[in-house]
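The values are calculated or read from the model by the stated rules, or taken from the named source; none is laboratory data. What you see is a predicted model, and the numbers here were worked out from it, not measured in a lab. Cβ: placed from backbone, ideal geometry, glycine included. Neighbour counts: every protein chain shown. We work out accessible area using only protein heavy atoms, side chains counted, and drop any ligands, DNA or RNA first. Shrake-Rupley method; radii C 1.70, N 1.55, O 1.52, S 1.80 Å.
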Amino acid sequence: MKICIYGAGAVGGLIAARLARAGHAVSVVARGANLTAIRAHGLRVRSADGISATPVAVESDPARLGPQDCVIVAVKGQSLPQVAAGIGPLLGPATSIVTAMNGVPWWFFDRLAFGGGKLRLESLDPVGALARAMPTERIVGCVVHLAASTPEPGLVHHNMGARLILGEPGGRNSVRTREIAQALRGAGFEAVETPSVEKEFWIKLLGNLSFNPVATLTLATADRMIADAHVKDYMVGIMRECLAIGRAVGVDADIDPEARMDMARKLGTFKPSMLQDLEAGKSLEIDGLFAGTLEIARKAGVAAPFTESLFGLIRLRARVAGLYAS
């Protein structure tokens, strides 16, 4: 397949390197120091087996790469307007767009029974630019379950995990999803197809809404947050609100918050990604996690006071640090 990864950070860089090694025609859209490093040394991935370098085509201007079979969008939510403005030249008549991102996607309501397909997440796509540039009929949602970081430009450190869950909005999976999942499995990922990608996004959201911002506020690793009874109970409260919001619109994550805590316990000492971004001075991904979730809560008439207060706290923390893009 001819595949372009839009955003060669930790997740995008790992996917690009593995797909290229598996024999696909891979290109990446990157900028700044990352672009320079990839051009000079290829995409480098550090894992338990050492460091490997994989050459890939890399450009800052997507128009130089031309139409693709598949575009994998692996950026933070605050970068989506730039993606929408630049993705056009990559799209041919049958190009698939895979959204490999955290948080609630802008297309979340498009194929849900709730709202009859007429609702839009104005907090994420206020003028509809994302929907026009990346229409739902092209979308394959991807929920990422792996841990990776970028200690320096052009270098991805793969810590653990390789699970990617794929599905089209509303569960209408087609040949595009099967072909993409097959390509990812051939590249060494545990790629699985789901009939409810919205549910899978919501399951991951439980952890992202709780562990990420609380770690960033406290500067604590996950094990220390779980060990503190007051902090753990607060995060469980966030998860319960998140579950209620999802259920109100027909998306039941069907997981007990205590079981979710047990999952995190097994990972031991780790820094959630938002805390890593704070320490690295990178823009924090806040609106994609909170603004979309709370807009869904308002549309469904669900009160979420813990989540509202945490949104205010983490947004102010990011603003004080100069790391809030909106």
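What the table shows:
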item: Index of the failed condition, Ile139 passing every other in (1) buried (at least 23 other Cβ atoms within 10 Å of the Cβ); (2) over 30 Å from Gly32 (Cβ atoms); (3) in contact (Cβ under 8 Å) with a residue 40 or more places away in the chain; result: (2)
item: Hey, Phe311 in contact with a Phe, Trp or Tyr (Cβ under 7 Å, 6 or more places away or on another chain) and touching a residue at least 12 places away in the same chain (Cβ under 8 Å) or not; result: yes
item: Verdict on Arg132 being more than 28 Å from Gly186 (Cβ to Cβ), basic (Lys, Arg) and open to solvent by 20 Å² or more (accessible area, probe 1.4 Å); result: yes
item: Subset of the stretch 25-53 [in a strand (DSSP E or B), out of contact with any Cys (no Cβ under 9 Å at 6 or more places or on another chain), crowded, with 18+ Cβ neighbours inside 10 Å and β-branched (Val, Ile, Thr)]; result: Val45
item: Selection within the stretch 279-293 - outside any loop (DSSP other than H, G, I, E, B), of a type in the set (Gly, Ala, Ser) and within 23 Å of Phe114 (Cβ to Cβ); result: Ala291, Gly292
item: Leading residue by the ranking (most open to solvent (accessible area, probe 1.4 Å)) among those in the stretch 172-185 that are assigned to a helix (DSSP H, G or I) and touching a Lys or Arg at 6+ places or on another chain (Cβ under 9 Å); result: Arg176
item: Residue selected from the stretch 61-75 under the condition of a type outside the set (A, V, I, L, M, F, W, C) and within 11 Å of Ser96 (Cβ to Cβ), by the criterion surrounded by the fewest Cβ atoms within 10 Å (Cβ to Cβ); result: Asp69
item: Val58 touching a strand residue (DSSP E or B) at 6+ places or on another chain (Cβ under 6 Å), in contact (Cβ under 8 Å) with a residue 12 or more places away in the chain, buried (at least 21 other Cβ atoms within 10 Å of the Cβ) and not in a helix (DSSP H, G or I); result: yes
item: Qualifying positions in the stretch 94-118 - among the hydrophobic types (A, V, I, L, M, F, W, C), part of a loop (DSSP other than H, G, I, E, B) and closer than 25 Å to Gly207 by Cβ; result: Met101, Val104, Trp106, Trp107, Phe108, Phe109, Leu112
item: Subset of the stretch 302-314 [open to solvent by 70 Å² or more (accessible area, probe 1.4 Å) and more than 17 Å from Val236 (Cα to Cα)]; result: Leu313
item: Selected residue (only one of Ala57, Ala48 is farther than 16 Å from His24 by Cβ and out of contact with any His (no Cβ under 6 Å at 6 or more places or on another chain)); result: Ala48
item: Flag if Tyr324 is under 25 Å from Gly9 (Cβ atoms), aromatic (Phe, Trp, Tyr), buried (at least 16 other Cβ atoms within 10 Å of the Cβ) and in contact with a Ser or Thr (Cβ under 9 Å, 6 or more places away or on another chain); result: yes
item: Among residues of the stretch 133-153, those that are modelled with pLDDT under 95 and more than 24 Å from Leu206 (Cβ to Cβ), counted; result: 4
